[in-house]
Amino acid sequence: VQLVESGGGLVQAGGSLKLSCAASGSIFSIRSMGWYRQAPGEQRELVAVITSGGSTNYADSVKGRFTISRDNAHNLVYVYLQMNSLKPEDTAVYYCNARTSRIDWGQGTQVTVSS
């Protein structure tokens with residue numbers, strides 16, 4: 001599965017951003033897709049995940065602020081991350097992943113939240 005993220009940028013605290021990830025290739029084998037993030041000097045951590053059946057799971061730190069969703073169109077699968085009430089601690093590179101019989105990752109998109 002090939003993944004391309006978009007939508008990152010610079011936003012003030014309290015603002016919103018929407019990340020998008022387009023998946024192509026073996027999309028019918030996708031079991032789940034998720035968003036992870038990695039801040040400088042930190043390990044990559046789960047932000048949110050959505051299964052092929054539509055079940056979702058969120059990190060405690062983003063519950064109530066972030067929403068993951070997915071859509072299918074034109075032989076692509078899209079997964080979105082709507083991020084509201086952003087905080088400086090949300091600053092990180094955000095990565096999309098897709099789980100089939102393996103795990104594939106996108107290239108990442110930078111999200112910077114200024115205080």
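The values are calculated or read from the model by the stated rules, or taken from the named source; none is laboratory data. Only a predicted model underlies this, so the values are computations on that prediction, with no experimental measurement involved. FYI the Cβ positions are ideal-geometry reconstructions off the backbone, even for glycines, and counts take in every protein chain you see. Ligands, DNA and RNA are excluded from the accessible area calculation, which covers all protein heavy atoms including side chains. Shrake-Rupley method; radii C 1.70, N 1.55, O 1.52, S 1.80 Å.
If you run the Gaussian network model on the chain, springs between alpha carbon atoms under 10 Å, then out of 12, 82, 43 the most flexible one is 43. In the context of the full set of protein chains, the chain has a per residue accessible area of 52 Å² (1.4 Å probe). What's the longest uninterrupted piece of the chain once you rule out the trypsin sites (Lys or Arg not before Pro) that are loop residues per DSSP with at most 13 other Cβ within 10 Å? Between exposed loop sites, the widest span is 64-101. Distance from the Cα centroid of the range 89-115 to that of the range 67-82 is 15 Å (rounded to whole angstrom). Projecting the Cα positions of 55, 84, 115 onto the charge dipole of the chain (unit charges on Cβ atoms of Lys, Arg, Asp and Glu, taken about the Cα centre) puts 55 furthest along the positive direction. Along the range 65-82 the Karplus relation, 6.51 cos²θ - 1.76 cosθ + 1.60 evaluated at θ = phi - 60°, assigns HN-Hα couplings of 10, 10, 9, 9, 8, 9, 8, 10, 6, 6, 6, 10, 10, 10, 10, 10, 10, 7 Hz to successive residues, with x for each Gly and Pro.
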